[in-house]
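Asker: Dumping the structure here so I can ask a few things about it.
The values are calculated or read from the model by the stated rules, or taken from the named source; none is laboratory data. Everything numeric here is computed off the predicted structure, so don't read it as measured data. Note that each Cβ is placed from the backbone with ideal geometry, even for glycine, and that neighbours are counted across all protein chains shown.
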Ligand SMILES: *Cc1c(COP(=O)(O)O)cnc(C)c1O
């Protein structure tokens, strides 16, 4: 044991402590590492956080209540949480070149809710209802709220349509954002598969939204945020960008100039666990105009911040400020483009014809498959992806006609463009050999093919150990 490195020692000791209380949990944690090591993960929203990020979360910071903001807490004894949150904010601001950062949101959805609330609180002019004159929306009673809801009713949001790659939180009915706002969507041009900014401008002029949301979960191209800001200014909208998926590409300076959301949006939200490679969580960035409203995220939307996760965010932001992270971000895109190229050369059809970012969307209808069939056939062959709607999807949001793949995770593992070409070959083999079955979920795939691809995928991964510094023992 004496020559075991610090990370292996730390994780082994943690598992021993957990195992002493509930061995099934220790086993599940250990098995998750094993399973992740074995799987060829092409899920565009996932990544592998560093051991330092993971270890920063497993401690007594979790015991502390610290509702409020740095230096203004509703609880006593928050000096260490203040330090943790201040350092996280300092790194976040420096990393993104933002004037203000709020690192308390527990997730991407929480960050969006905090942002939407801040935008509404900033925009809704209460004085036009005489009795609310000079009142602050955050200080109203329940009864006053009921009156106000009517006045809030006509706030509008313009976001990307779901089938073009938008997110549920961008004003869609099943999510609270779709209940707070009347939503209309902008989509992509049918021929190019890319955002049609002229059409977006027309829709904005006609609809007059309070909020225009940029950002996506499944759009494979750069977005011109400078143009979107111009459109927002023309119609008097607040421009918000949800960079949950591509924050790592912003941090790594792949998206600069017109494509850098921080430079153009009034407010920007993110997750910290996708391409940014931090702990599971969220953050909000804004200029000074909205900062005070965002600071009211707790108690308006959030309860006590997760101090242990804020500690891990600080580590992740600090890691992302290193030159290696910019190199990582470049490699994510190089890998994504190599994967796209490899698929196209073998005859696959890609939505928009390629990629500028970390993700690729394959139109599997061209293989005669639904997304559901393709997803399972690939999984049976050791390749983890997810099905996703494509623009004007003939199979709807459940079965879909797309497979979304992304490179942040495998790039962290060290795979490069040569391996991407091999993965394209494996995927094309599976998709080409799978035959649609009697229903939109059923299919036929020769087990010899899926076994062969599984083996090849495993061999490929063998050269790129995951968490090489972590040895949990037998
Ligand atoms: C993933 C994602 C979210 C939600 O993040 P959670 O942490 O899962 O709540 C929000 N917006 C976009 C665009 C996303 O891709």
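Asker: For region 445-474, name all the residues that are more than 21 Å from residue 42 (Cβ to Cβ) and touching a helix residue (DSSP H, G or I) at 6+ places or on another chain (Cβ under 9 Å). Steps first, answer last, please.
Answerer: Start the filter on region 445-474 by keeping residues that are more than 21 Å from residue 42 (Cβ to Cβ), which leaves 446-448, 469-474.
Correct list: 446, 447, 469, 470, 471, 472, 473.
Asker: Scan region 234-258 for residues that are within 16 Å of the ligand (Cβ to nearest atom) and within 22 Å of residue 200 (Cα to Cα) and jot them down.
Answerer: 239, 240, 241, 242, 243, 244, 245, 246, 255
Asker: Also, I was wondering about something else. Quick check on region 71-87. Is at least one of its residues within 16 Å of the ligand (Cβ to nearest atom) and over 19 Å from residue 299 (Cα atoms)? Write out each step before concluding.
Answerer: In the first step, residues of region 71-87 are kept if they are within 16 Å of the ligand (Cβ to nearest atom); the result is none.
Within region 71-87, not a single residue is within 16 Å of the ligand (Cβ to nearest atom) and over 19 Å from residue 299 (Cα atoms).
Asker: Within region 35-46, is there a residue that is free of Cβ contacts under 8 Å to residues at least 12 places away in the same chain and either in the same structural domain as residue 277 (by TED's automatic domain parsing) or assigned to a helix (DSSP H, G or I) (or both)?
Answerer: We begin by selecting, within region 35-46, every residue free of Cβ contacts under 8 Å to residues at least 12 places away in the same chain; these are 35.
Cutting the leftovers down to either in the same structural domain as residue 277 (by TED's automatic domain parsing) or assigned to a helix (DSSP H, G or I) (or both) gives us 35.
Looking through region 35-46, at least one residue is free of Cβ contacts under 8 Å to residues at least 12 places away in the same chain and either in the same structural domain as residue 277 (by TED's automatic domain parsing) or assigned to a helix (DSSP H, G or I) (or both).
Asker: Sticking with this one: Checking residue 303 against (1) part of a loop (DSSP other than H, G, I, E, B); (2) within 15 Å of the ligand (Cβ to nearest atom): exactly one of these is not met. Which one?
Answerer: Checking residue 303 against (1) part of a loop (DSSP other than H, G, I, E, B); (2) within 15 Å of the ligand (Cβ to nearest atom), the one that fails is (2).
Asker: Could you check residue 253 against (1) free of Cβ contacts under 8 Å to residues at least 60 places away in the same chain; (2) within 19 Å of the chain's Cα centre (by Cα); (3) on the phi > 0 side of the Ramachandran plot and say which number it fails?
Answerer: All conditions pass for residue 253, except number (1).
Asker: A further question follows. Return yes or no: is residue 434 touching a residue at least 40 places away in the same chain (Cβ under 8 Å) and within 22 Å of residue 246 (Cβ to Cβ)?
Answerer: Working: touching a residue at least 40 places away in the same chain (Cβ under 8 Å): yes; within 22 Å of residue 246 (Cβ to Cβ): no.
No; evaluated as a whole, the condition is false for this residue.
Asker: Could you say which residue among 307, 397, 334, 348 is touching a helix residue (DSSP H, G or I) at 6+ places or on another chain (Cβ under 7 Å) and in the same structural domain as residue 250 (by TED's automatic domain parsing)?
Answerer: On the way: 397 fails: in the same structural domain as residue 250 (by TED's automatic domain parsing); 334 fails: in the same structural domain as residue 250 (by TED's automatic domain parsing); 348 fails: in the same structural domain as residue 250 (by TED's automatic domain parsing).
The conditions single out 307.
Asker: Still on this structure, please answer the following. List the helices (runs of 4 or more DSSP H) inside region 141-233, counting only whole elements, that have at least 1 residues being touching a residue at least 24 places away in the same chain (Cβ under 8 Å) and within 14 Å of the ligand (Cβ to nearest atom).
Answerer: Values: elements: 142-152, 177-180, 197-207.
It comes to 177-180.
Asker: Where residues in region 97-112 are part of a helix (DSSP H, G or I) and buried (at least 24 other Cβ atoms within 10 Å of the Cβ), which of them is nearest to the ligand (Cβ to nearest atom)?
Answerer: 108
Asker: Residue 268 - would you say it is at pLDDT below 95 and within 16 Å of the ligand (Cβ to nearest atom)?
Answerer: Numbers: at pLDDT below 95: no; within 16 Å of the ligand (Cβ to nearest atom): yes.
No: the conditions fail for residue 268.
Asker: Which of the residues belonging to region 280-295 are out of contact with any strand residue (DSSP E or B) (no Cβ under 6 Å at 6 or more places or on another chain) and within 16 Å of the ligand (Cβ to nearest atom)?
Answerer: Applying the first criterion (out of contact with any strand residue (DSSP E or B) (no Cβ under 6 Å at 6 or more places or on another chain)) to region 280-295 yields 280-281, 287-289, 292-293.
Result: 280, 281.
Asker: On to the next question. Taking the condition of being part of a helix (DSSP H, G or I) and over 16 Å from residue 96 (Cα atoms), how many residues in region 306-323 meet it? Working first, answer last.
Answerer: Residues of region 306-323 part of a helix (DSSP H, G or I): 307-320, 323.
In the following step, the residues that additionally are over 16 Å from residue 96 (Cα atoms) were identified as 307-312.
So the count comes out to 6.
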